[in-house]
Amino acid sequence: MTILIKNANEVITLKSNAQGPRTKEQMREIAVVENGSVLIKEDRIIAVGAFEQLAVDFPDLVKKADTIDASGKIVMPGLVDCHTHLVHGGTREQEFNMRLNGSTYMEIMNAGGGIHATTKLTRETSFEDLYAKTLQHLDVFLKHGVTTVEAKSGYGLDWETEMKQLEVARKLQATHDVDVVSTFMGAHAVPQDYKGREDEFVAIVIHDMLPKVAELKLAEFNDVFCEKGVFTPEQSQRILEAGKALGLTPKIHADEIEPYKGAELAAEVGAISAEHLLVASDEGIQRMAKAGTIAVLLPGTAFFLRAPFARGRLMIDEGVPVAISTDFNPGSSPTMSLPFIMNLACMHMGMTLEEVLTATTINAAYALNRGEQIGSLEAEKQADVVILDVANYKQLQYFYGMNHTNTVIKKGRIVVRNGILSN
């Protein structure tokens, strides 16, 4: 199938000569083509530019293309949500009410709520019910312009349930239009029956779970919650290094609630990304910049927990490549609206309109090791494209709290048309 998108007010290509994730002023260079067109054949982008030039360069393809008139609209790469806890059982709205009445996140968790509550629900939910629920969630992501999603496990804390979560994600990758990228996070919390025996559980993750994940090819990445009262930096390092030895790329939940040298550890182990970073130290930020570790910032979590926001402006200025994500999960960020998260990043982390576009496309793609395939509109890249009902990219955050997605093209197929799923 050949598709021609023409007459767009703006095509935000994110094209750049930069290699790897964008840093500093590169994050503001979004490469806008005014009155632009995009030519797609099968699952690849053929060319981006003025219609008149495409008609000269590719006359046969232009003539036979299914043409989409994007007059009055903008076109950009499909959004990449690079940190979610997509597959889980149940909801936790009662904890939201508890927080409104003064309880803290860690108080709720230590009382058996938080991750432990979702672990219980996920263990009790069948594979079929988890799949059906998550399928609906992916539909919502897609209607908001998200074409690639990362999915962490971590609500099992035993092998059977961790495997179930990862198998659900694998089936969704095979059956849903959204690409699902799996991360193993068996070290999301210490099970309640291992309190006081934390190192025993760490050994189970290292010697039992991780080898099975690698053998069954259930995930690409290995994540750990390095936090006071959860896993220490030393335990976290052992888990991440063990995963590296098995071919799993390290990620790390770092410095979310208390400063705990998680950012420093991310740089030391060569993690592709460190995530949350609400209270990351100056030294940790500087080490991440030097190591090229991507900061995946999650302003929705800070918003929902009423916590201080990560220092996104400082990180960018220090040279850290920054991505942003929903952190969709049932406890601390129950949202599937990445456009709203982009607005929070502008309003509360000092990021510019251009930087949030970079952070949810090309940098988010690199945080999933997919920056060479997706995240920008360039010839030969995968044809993941979104058409939005705004006149220019500045209106995306100006009209906040709204879904502007009109059309989504995934791998060269129209999967959302006029805001409605096509299949």
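Annotations for the structure displayed:
- Of residues in the stretch 44-86 being out of contact with any Asp or Glu (no Cβ under 9 Å at 6 or more places or on another chain) and assigned to a loop (DSSP other than H, G, I, E, B), the one nearest to Leu130 (Cα to Cα): Ala70
- Residues within the stretch 138-178 that are of a type outside the set (Val, Ile, Thr) and open to solvent by 20 Å² or more (accessible area, probe 1.4 Å), tallied: 15
- Checked against the criterion of being among the hydrophobic types (A, V, I, L, M, F, W, C), open to solvent by 10 Å² or more (accessible area, probe 1.4 Å) and at pLDDT below 95, the candidates Leu278, Leu305, Leu314 yield just one match: Leu305.
- Across the stretch 2-24, not a single residue is classified as closer than 30 Å to Gly156 by Cα, within 24 Å of the chain's Cα centre (by Cα) and either among the hydrophobic types (A, V, I, L, M, F, W, C) or surrounded by 16 or more Cβ atoms within 10 Å (Cβ to Cβ) (or both).
- Residue in the stretch 317-336 that is in a helix (DSSP H, G or I) and within 22 Å of Val32 (Cβ to Cβ) present: no
- Residue satisfying all of: in the stretch 379-423; among the acidic types (Asp, Glu) and over 21 Å from the mean Cα position of the chain (by Cα); surrounded by the most Cβ atoms within 10 Å (Cβ to Cβ) among these: Asp389
- Condition met for Gly102 (part of a loop (DSSP other than H, G, I, E, B) and open to solvent by 40 Å² or more (accessible area, probe 1.4 Å)): yes
- Leu79 being open to solvent by less than 30 Å² (accessible area, probe 1.4 Å), free of Cβ contacts under 8 Å to residues at least 60 places away in the same chain and in contact with a Ser or Thr (Cβ under 7 Å, 6 or more places away or on another chain): no
- Any hit, the stretch 353-362, residues being in a loop (DSSP other than H, G, I, E, B), modelled with pLDDT of 95 or more and of a type in the set (Asp, Glu): no
The values are calculated or read from the model by the stated rules, or taken from the named source; none is laboratory data. This is a predicted model, so every value here is computed, not measured. Glycine also receives a Cβ, built like all others from the backbone with ideal geometry; neighbour counts cover every protein chain displayed. Accessible surface is based on the protein model in full, side chains and every heavy atom, while ligands, DNA and RNA are left aside. Shrake-Rupley method; radii C 1.70, N 1.55, O 1.52, S 1.80 Å.
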